[in-house]
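The values are calculated or read from the model by the stated rules, or taken from the named source; none is laboratory data. All figures in this text were calculated on a predicted structure; none of them were measured in a lab. Cβ sites come from the backbone with ideal geometry, for glycine too, and all protein chains shown count toward neighbours. We work out accessible area using only protein heavy atoms, side chains counted, and drop any ligands, DNA or RNA first. Shrake-Rupley method; radii C 1.70, N 1.55, O 1.52, S 1.80 Å.
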2 protein chains.
Amino acid sequence: MRFIARNQTVLLYGASLAVLLLIMKWLEWHVLVIEHSFEVYAGAIALLFTALGIWLANKLTRAKSTTIIVEKQVLVKTKDFVLNEAEVVRLGLTKREMEVLQAMADGLSNQEIAERLFLSLNTIKTHSSKVFEKLEVQRRTHAVDKARKLNIIP
Amino acid sequence: MRFIARNQTVLLYGASLAVLLLIMKWLEWHVLVIEHSFEVYAGAIALLFTALGIWLANKLTRAKSTTIIVEKQVLVKTKDFVLNEAEVVRLGLTKREMEVLQAMADGLSNQEIAERLFLSLNTIKTHSSKVFEKLEVQRRTHAVDKARKLNIIP
DNA sequence: GTTAAAATCATACTAAAGTATGAGGCTGAA
DNA sequence: TTCAGCCTCATACTTTAGTATGATTTTAAC
């Protein structure tokens with residue numbers, strides 16, 4: 001059975017040929033008794049088997065596929081903000097200092113930051129001073145601007 | 001000439017058939033005088049034209065091209081700052097006030113802004129106070145944050 | 001369990017920022 | 001030209017920010 005399956009096409013081909021020849025023989029004896037019948041048959045066979053060949057080619061040959069890869073450019077907005085952790089580490093900014101820095105960037109006063117973080121005003125002052133030292137600035141506005149440029153706050 | 005060019009394949013096909021028939025006729029008369037010669041010829045023609053068909057199919061069928069569109073992500077620096085002039089007008093911010101606001105956003109102190117714009121410290125204070133009024137804030141940091149959110153500074 | 005860094009808070013101070021008010025000069029539109 | 005809006009600057013003041021220093025407590029690492 002596996003033989004038949006594997007050679008299906010070949011068998012089919014042979015069978016087609018045999019059947020065709022039988023049909024032609026039958027026609028030769030019983031119907032067509034004309035001049036140049038051989039040429040007519042030959043032409044018919046040629047046409048038929050050309051068609052068969054074409055069909056076979058399409059059936060058997062692997063689709064000639066040319067894979068055209070077209071790169072479609074998709075504009076992706078740069079993630080507005082990806083924290084530059086390396087920079088944070090390099091500057092030695094602590095967690096609390098980052099929180100204070102972020103709050104400053106939000107435009108809060110030291111008093112407001114103290115309230116937000118449940119700390120005293122003096123503590124905020126200490127933290128912010130540390131932040132300024134590490135960022136090498138003197139003012140919160142400058143600190144915020146620099147921090148933004150260093151991608152350590154949004 | 002154009003006719004020939006256009007029908008090259010058809011002409012070639014017809015010519016092949018004609019030549020083949022001539023060869024066979026010649027063979028029939030001069031060499032092969034065997035039993036069942038018709039069947040042999042028929043088989044030969046079948047084989048030949050099947051081959052021709054396959055060849056034709058391969059020659060004629062256009063390569064099936066698969067176009068694969070690959071989306072290539074291109075990171076675009078979202079230079080997405082377009083000054084919201086409408087907002088500037090709505091808030092009634094003047095040219096000078098905008099300059100001062102911009103300088104504040106750059107982290108400059110009032111003194112530095114005065115130097116940059118060749119103005120006195122007091123003038124800067126006046127301008128900044130006006131800006132705070134119009135933006136309804138009390139501090140420069142808050143003003144900068146709000147201005148950024150309103151797209152009136154980068 | 002010692003130790004260093006981080007976090008908290010305080011006091012005392014200086015510097016800068018912000019407010020309030022007024023005034024003079026300039027400019028463009030009615 | 002007059003008048004409103006803008007720009008400039010000043011004085012006087014209050015508030016907030018920032019610095020310096022020191023102390024105690026947490027936290028995490030060794």
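Residue separation of A:PHE118 and A:GLU136 scaled by 0.36 nm, minus their Cα-Cα distance, works out to 3.8 nm of gained length. Working from label points 7 Å from Cα in the Cα-to-Cβ sense, the B:ARG96 to A:LEU22 distance is 11.0 nm.
For the range B:105-145, the Stokes-Einstein estimate of translational diffusion at 37 °C and a viscosity of 0.692 mPa s comes to 318 µm²/s, using the Kirkwood hydrodynamic radius over alpha-carbon pairs. For the residue pairs A:LYS125/B:LYS130; A:LYS146/B:LYS130; A:LYS149/B:LYS130; A:LYS134/B:LYS134; A:LYS130/B:LYS149; A:LYS95/B:LYS95, the C-alpha atoms sit more than 32 angstrom apart in A:LYS134/B:LYS134; A:LYS95/B:LYS95. The simple spin-label model puts a point 7 Å past each Cα toward its Cβ; for A:VAL82 and B:ARG148 those points are separated by 2.0 nm. Take each peptide in A:106-117, B:100-111, A:85-96, count the other Cβ atoms within 10 Å of every residue, and average; sorted highest first, the result is B:100-111, A:106-117, A:85-96. Per-residue mean of foreign Cβ neighbours for B:144-152 is 2 (Cβ atoms of other chains, 10 Å radius). Only protein heavy atoms count here; under a 1.4 Å probe, B:THR123 has an accessible surface of about 50 Å².
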